[in-house]
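Written out below as structure tokens is the structure these notes cover.
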Amino acid sequence: MLDVSVAGACVIFPRGEGPRIGLNADVTLVFSSPQLAEPIAIEAVSAWQVEQVEGVRFGFKFSIKRTLAGQLYGLFNRRRFYGVKPDPSEPIEILCSPLGDEPAEPPALGSGDVVAVVEYISAGGVSIDVAPSVAGVLQGNLYVSLSFDVRGASDRRVVVGRTCNTRNPGKVLRCGLEFDRNHSPGFPETEMRLNRYVMERQRLLLLQSSHTE
């Protein structure tokens with residue numbers, strides 16, 4: 001196993017030794033670990049596969065819809081969320097509005113005081129780059145409203161973000177924000193769409209990597 005989170009897992013098999021699994025195939029993954037009292041079986045779906053020099057990588061998305069709990073959650077929480085850098089040829093812009101020191105209902109869809117560019121994104125949060133000329137609008141605000149689009153206008157979402165860190169790498173202000181699911185309307189749908197975007201982006205990056213080897 002290469003990676004695991006509460007959303008899915010990535011595994012690799014040596015060439016010629018892996019199972020024959022088609023895309024979107026239903027599978028059962030069995031996890032064993034010293035941290036588990038006994039092996040855990042999880043229903044999953046084959047999301048992607050890539051052939052590389054060292055073997056064949058498979059990406060699986062867990063089928064369960066509930067939150068993993070207890071010893072199982074403890075095992076999978078090594079990385080809570082997968083994340084990716086967006087394709088530079090298809091940048092993601094975010095409209096941001098300050099909300100102050102307390103979470104509040106975000107403004108209407110498509111509104112915002114500052115336009116930022118996504119540097120890194122996952123289903124749990126985002127890192128954005130803000131021009132210094134407008135960074136003052138966001139600085140000093142613990143909570144920020146974020147309006148963004150990862151798959152066309154029909155998928156535009158609005159969430160509340162909690163500022164975790166800020167720094168100045170070069171000519172921009174970089175802000176790391178964690179999504180506040182409790183104050184973001186329709187967040188389960190947003191989370192699902194972001195997971196889909198991240199997994200597709202990871203698949204494309206792996207394909208690009210395999211073609212350059």
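Checking the structure you have, find out if any residue of the range 131-154 is surrounded by 14 or more Cβ atoms within 10 Å (Cβ to Cβ), in contact with a His (Cβ under 6 Å, 6 or more places away or on another chain) and assigned to a strand (DSSP E or B).
No; the residues of the range 131-154 include none that is surrounded by 14 or more Cβ atoms within 10 Å (Cβ to Cβ), in contact with a His (Cβ under 6 Å, 6 or more places away or on another chain) and assigned to a strand (DSSP E or B).
Sort out which residues of the range 111-126 are buried (at least 19 other Cβ atoms within 10 Å of the Cβ) and assigned to a strand (DSSP E or B), and write them in order of number.
Within the range 111-126, 114, 116, 118, 121, 122, 125, 126 meet the criteria.
Select from the range 164-199 the residues that are surrounded by fewer than 17 Cβ atoms within 10 Å (Cβ to Cβ) and assigned to a strand (DSSP E or B) and list them in ascending order.
Correct list: 164, 165, 166, 167, 178.
Quick one: count up the residues across the range 65-98 that are exposed (fewer than 13 other Cβ atoms within 10 Å of the Cβ), at pLDDT 85 or above and more than 15 Å from the chain's Cα centre (by Cα).
4
So, restricting to strands (runs of 3 or more DSSP E) that lie completely within the range 19-64, which ones have at least 2 residues that are at pLDDT below 85 and more than 13 Å from residue 8 (Cβ to Cβ)?
40-52, 55-62
With the condition kept exactly as written, say whether any residue in the range 175-186 is more than 26 Å from residue 100 (Cα to Cα) and at pLDDT below 90.
no
The values are calculated or read from the model by the stated rules, or taken from the named source; none is laboratory data. Keep in mind the model is a prediction, meaning the values are calculated, not measured. We place every Cβ from the backbone using ideal geometry, glycine too, and count neighbours over all the protein chains shown.
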